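A.B. asks: Take this structure first; my questions come after.
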Amino acid sequence: MTATILSIRVLHVLLGALWVGAVAITALFLDPTVREMGPEGGRMMGILQRRGFQRTILIVATLTVLTGVWLLWRLSGGFSSSFMGSRAGVVLSTGGLLGTIALLIGAHVVTPTGKRLGALGARLAEAGTPPSPEDLADVARLQRRLTVALRIVATLVSVTVALMALGPHL
Ligand code: HEM
């Protein structure tokens with residue numbers, strides 16, 4: 001393997017590990033904490049967003065998928081049907097597909113919902129008056145959607161990394 005291939009492989013594994021770790025911490029610890037805090041949780045989401053938390057995870061996830069597609073293209077000799085139909089090909093491409101779906105849910109559900117929760121939390125904090133029943137319903141609805149989406153993404157990337165660990169060795 002050339003130095004370029006090895007470096008892209010190392011980069012892929014590092015990025016993938018960072019993505020899975022970030023999703024696990026968010027789903028297992030950050031999200032339940034935000035829920036327990038109620039409207040104040042929205043303010044915490046706003047601070048995380050201002051610090052670039054969601055944006056950073058999205059960049060890491062996108063680079064994981066892009067380096068993964070490149071590795072798959074290289075390993076399969078340009079997505080040859082003989083490789084893609086082999087056990088290694090099926091396992092790696094299934095892992096790749098699940099990872100890509102996790103990225104899309106992250107980009108189109110987790111990030112926008114986190115942004116809306118952050119904006120709502122900031123507005124409620126600035127208002128200085130108790131939140132209205134409608135506001136509380138909005139916070140609860142957005143928190144529920146965030147929790148469900150995070151659990152789906154956490155499951156998808158966990159299965160992806162398991163398939164990745166198997167794929168190259170089949
Ligand atoms: C959560 C996302 C991902 C993680 C954590 C991850 C992790 C890994 C790991 C740890 C390996 C090395 C396995 C080994 O050699 O034992 C690997 C290899 C590989 N990954 Fe991923 N991966 C992810 C997503 C993807 C995606 C989305 C694709 C493709 C679209 C992909 C394609 C590949 C390929 C082709 C290899 C084999 C590379 C080679 O042997 O040259 N990965 N991945």
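A.B. asks: Which pairs turn up if I take residues in region 1-15 that are more than 17 Å from Gly167 (Cβ to Cβ) and look for partners that are open to solvent by less than 80 Å² (accessible area, probe 1.4 Å) with beta carbon separation below 6 Å, at least 6 apart in sequence or on another chain?
C.D. replies: Leu11/Thr67
A.B. asks: Same structure again: Could you tell me which of the residues Glu126, Glu134 is part of a helix (DSSP H, G or I) and modelled with pLDDT under 90?
C.D. replies: Working: Glu134 fails: modelled with pLDDT under 90.
Matching residue, one of Glu126, Glu134: Glu126.
A.B. asks: Same structure, new question: Kindly indicate which of Leu63, Leu48 is under 30 Å from Ala3 (Cα atoms) and in a helix (DSSP H, G or I).
C.D. replies: Values: Leu48 fails: under 30 Å from Ala3 (Cα atoms).
Among Leu63, Leu48, only Leu63 is under 30 Å from Ala3 (Cα atoms) and in a helix (DSSP H, G or I).
A.B. asks: If a residue must be away from the ligand (no atom under 12 Å from the Cβ) and either among the aromatic types (Phe, Trp, Tyr) or under 22 Å from Thr33 (Cβ atoms) (or both), how many such residues does region 48-78 contain?
C.D. replies: Total satisfying the criteria: 10.
A.B. asks: Could you list all residues from region 136-170 that are closer than 17 Å to Val20 by Cα, without any contact (Cβ under 8 Å) to a residue 24 or more places away in the chain and either surrounded by 18 or more Cβ atoms within 10 Å (Cβ to Cβ) or within 13 Å of the chain's Cα centre (by Cα) (or both)?
C.D. replies: Result: Val148, Thr155.
A.B. asks: A further question follows. Test Trp70 against the criterion of being open to solvent by 80 Å² or more (accessible area, probe 1.4 Å), assigned to a helix (DSSP H, G or I) and under 25 Å from Val159 (Cβ atoms), and give yes or no. Can you show your working first?
C.D. replies: Values: open to solvent by 80 Å² or more (accessible area, probe 1.4 Å): yes; assigned to a helix (DSSP H, G or I): yes; under 25 Å from Val159 (Cβ atoms): yes.
Taking the combined requirement at face value, the residue satisfies it.
A.B. asks: For Arg116, indicate whether it is over 11 Å from the mean Cα position of the chain (by Cα), surrounded by fewer than 14 Cβ atoms within 10 Å (Cβ to Cβ) and over 23 Å from Leu15 (Cβ atoms). Lay out the reasoning, then the answer.
C.D. replies: Numbers: over 11 Å from the mean Cα position of the chain (by Cα): yes; surrounded by fewer than 14 Cβ atoms within 10 Å (Cβ to Cβ): no; over 23 Å from Leu15 (Cβ atoms): yes.
No; evaluated as a whole, the condition is false for this residue.
The values are calculated or read from the model by the stated rules, or taken from the named source; none is laboratory data. Quick caveat: nothing in here was measured; it's all calculated off a predicted structure. Don't worry about glycine lacking a Cβ; one is built from the backbone with ideal geometry, like all the others, and counts go over all protein chains shown. Side chains are part of the model used for accessible areas, which takes the heavy atoms of the whole protein and leaves out ligands, DNA and RNA. Shrake-Rupley method; radii C 1.70, N 1.55, O 1.52, S 1.80 Å.
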